[in-house]
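Comments concern the structure below.
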Amino acid sequence: MSLKKISELNKIPQARDSHADKANSYLSRNFREKVRMDGATCTAVSYKVYYPRIKKCADGTYIMFNQDSRVSACVYYAKSYDGLHYSNRQPLFNAKLTVRDDGEEDKLCYASCDAIVLKNGKILAFASYRYNKGYVLDAKYSGLLMRVSEDNGSTWSPERLIYLGRNWEPHAIELESGEIQVCFSHTAPKFYLDKTVRTASKIHTSSGSAIIRSLDGGETWTPSVMGAPYAADRVTQNYVETMENGTKIFTNQMPVQVALHNGDIALATESDMAVGRFMLTMSYTSDNWARPLDIDEDGPSDKLPAFAYGAGPYLAQFESGETVLSYNTLDMYHVRMGDGRARNFTEDRMFVAFDEEHGYWGCTLCDSTHSILIAMPSVKETKDERGRIVGCDNDMMIERYYLNHDIRAEKYDGGKAWDKCGDALFVGGKCRAQMSVRVAYDADALYIRVDRLDDVLEHRDSAKIYVSCGEGFATCDYSLEGNVYSTVNAKSVKDIEVSTKLYGQLDGYAFSDNGAVTEIKIPRKYIGDCDSVGIYAKLSDYSGDNCITDGFPGVDENDKDTYYNVSLN
């Protein structure tokens, strides 16, 4: 009965979109899987780091892109074996001195890199480039560049221009058909037509988001935009105002798309609605953006405009269907769960990551069927009397979260269930003590296995399991030293069996990957013939006189309707 980590469980494939319409899926932080890279000393980042983007490569390794300063001159990448700890970063798009076509000397700068790992394993990395001085002069002094790696980020092809025109914040997806789309903030067309939008509009620019497509793995792109009026295929824009000269101003920028399992595409953007703070907009298409928007058209028709305050959104979807929307508001990283259509991102399933530390421009990566990585720089900026940034002391923060949702039990079969029972629930966000909970059953009993990781095992360390079924309600409260108190419908019972195997000594150091495995046997008479039960679990972890209590996030132990459902068939 070896001790299992949560990362070793939930490996048995489930049907795609099995939980797409569930409203009780939540994310639980893994306190053990979080890092803070000191910007002043960590060679994977710098004290000026911003804009992380993390991808999982075809060989299972990870690659993180980042930049220095808000507007950036250089883009870097670093590699990792676990998504948390990274090697020395290397330049990918490196700033260089150049001469513009008008003969003026300038500096070529790069920013806001994102990438996609294709189904064939290739990595396509995209970055916005600009001439440092020429950027404000003409839309042609900006564009999108691409580099390709065919060896999981070890080497890269030369830069290649795929779009000419002012832009920011590219993001790419690959559809089931193999079509690749790059979506980006589409600032060039309005700037080309009316340069006064930069100073005369209340939002100081006009954007919206547009896409270019490739049907041949990134070799060619359509529309091929290599000159004025710099128009790609517009896909989302919110109308804001009409200037005195008649120019209509739009917003919706920093786009991130996700190709949903149902064939639709969902797109999240930040919107500057001239209300003093950015807001979030969700846009959708069921026909792959078949008709581009006109230059002054508010759209698409299926859109949730400016529905909440937020900026810098990111989207992901689990294989089981649940979607994740992450974004910044009040300089803190917020995360919301949504359904399989990337809708219903309600506040009741929202949390603030990184212990509410301040920063912005984070990212989210769904890196397994039941886990996501979230990254954001901890931003500490120094400003002068005019509000200009004159210095910073940034760190990089990364955390891994695990998905909790309704699970299946396995047939017990004399204890063999634990060899094949992968569906697990997780408690582990508040301290290094954490639990993975699995369930099995047979005609005689319900069995619950609790794998507890714990550096220091104290005799008062304990856990409590709650099981509901119809009118029945059982609890089992046990300590690691063997004390057990069980109830059924609030009455004490003695025939709920609890056995615990310790990995380490009580009141002594147990080493980081050790702890305890507990099996609980609840007689079937307390469960009846029901085909499912509800379950909740919490742990208590002592350190001297201090005790930390942690349980399944999003679940109210006093409300059985919020418990996770465990199927017994």
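Just so you know, all these numbers are worked out from the coordinates, no wet-lab data involved. Since we're looking at a predicted model, the values are computed, not measured. FYI the Cβ positions are ideal-geometry reconstructions off the backbone, even for glycines, and counts take in every protein chain you see.
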**Request:** Measure out, as a whole number of angstrom, how far apart the alpha-carbon centroids of segment 272-326 and segment 52-97 sit.
**Result:** 27 Å
**Request:** Note down the net charge around GLY515, summing +1 for each Lys or Arg and -1 for each Asp or Glu among other residues with Cβ under 11 Å from its Cβ.
**Result:** -1
**Asked** So if R0 is 35 Å, what FRET efficiency would ALA200 and ASN132 give, r being the distance between their Cβ atoms, rounded to the nearest 0.05?
**Response** 0.90
**Asked** Residue separation times 0.36 nm, minus the C-alpha to C-alpha distance between ASN569 and LYS494: what's the value?
**Response** 24.3 nm
**Request:** Enumerate the lysines that LYS190 could reach by cross-link, defined here as Cα to Cα under 23 Å, with residues fewer than 8 away along the same chain left out.
**Result:** LYS133, LYS140, LYS202, LYS248, LYS303
**Asked** Counting pairs of alpha carbon atoms under 8 Å apart in space and at least six apart in sequence, what relative contact order in percent does segment 407-567 give?
**Response** 25 percent
**Request:** Loop only per DSSP, at most 11 neighbouring Cβ atoms within 10 Å: give me the GluC sites (Glu not before Pro) in segment 113-220, ordered by residue number.
**Result:** GLU176, GLU219
**Fill in**
Ranked output for segments 33-45, 522-534 by mean other Cβ atoms within 10 Å, highest leading, reads 33-45, 522-534
**Asked** Per-residue ellipticity at 222 nm for the chain, helices alone: DSSP H runs ≥ 4 residues times -39500 (n - 2.57), over residue total, nearest 500 deg cm²/dmol?
**Response** -500 deg cm²/dmol
**Prompt:** Fewest to most neighbouring Cβ within 10 Å: what's the order for ASP444, ASP423?
**Reply:** ASP444, ASP423
**Request:** Check each of the chymotrypsin sites (Phe, Trp or Tyr not before Pro) in segment 29-130 and keep only those in coil by DSSP with at most 13 other C-beta atoms within 10 angstrom; list them in order.
**Result:** TYR81
**Item:** Under 12 Å, Cβ to Cβ, from ASN565 - net charge with Lys/Arg +1 and Asp/Glu -1
**Value:** -1
**Spin-label model distance (nm) - CYS547 vs ARG100, 7 Å beyond Cα toward Cβ** = 6.9 nm
**Item:** Mean Cβ neighbour count within 10 Å, used as a protection proxy, ranking 280-287, 369-376 highest first
**Value:** 369-376, 280-287
**Prompt:** When a footprinting reagent is the concern and you count Cβ atoms within 10 Å, what order do MET226, MET279, MET64 take, fewest first?
**Reply:** MET226, MET279, MET64
**Request:** Can you tell me what the convex hull of the Cα atoms of segment 230-332 projects to on average, as an area in nm²?
**Result:** 7.5 nm²
**Prompt:** Are there chymotrypsin sites (Phe, Trp or Tyr not before Pro) in segment 390-446 that DSSP marks as loop and that have at most 10 other Cβ atoms within 10 Å, and which are they?
**Reply:** none
**Asked** If you add up the charges near VAL136, with Lys and Arg at +1 and Asp and Glu at -1, over every other residue whose beta carbon is less than 12 angstrom from its beta carbon, what do you get?
**Response** +3
**Request:** Please report, in Å, the Rg and the Dmax of segment 407-567, where both are computed over Cα atoms only.
**Result:** 15.0, 44
**Request:** Order by neighbour count: ASP451, ASP561, ASP413, ASP106, fewest other Cβ atoms within 10 Å first, most last.
**Result:** ASP561, ASP413, ASP106, ASP451
**Request:** Using packing as a proxy for protection, rank 255-263, 205-213 so that the peptide with the highest average count of other Cβ atoms within 10 Å comes first.
**Result:** 205-213, 255-263
**Prompt:** Taking the radius of gyration and the Kirkwood hydrodynamic radius from Cα positions alone, what is the Rg/Rh ratio for the chain, to two decimal places?
**Reply:** 1.03
**Request:** State, to one decimal in nm, how far the label point of LYS525 lies from the label point of ALA23, with both points 7 Å from Cα in the Cβ direction.
**Result:** 3.9 nm
**Item:** Extension gain, THR43 back to LYS107 (0.36 nm per residue minus Cα-Cα distance, nm)
**Value:** 20.5 nm
**Request:** Before anything else, pin down the relative contact order of the chain: Cα pairs under 8 Å, at least 6 apart, normalised by residue count, whole percent.
**Result:** 13 percent
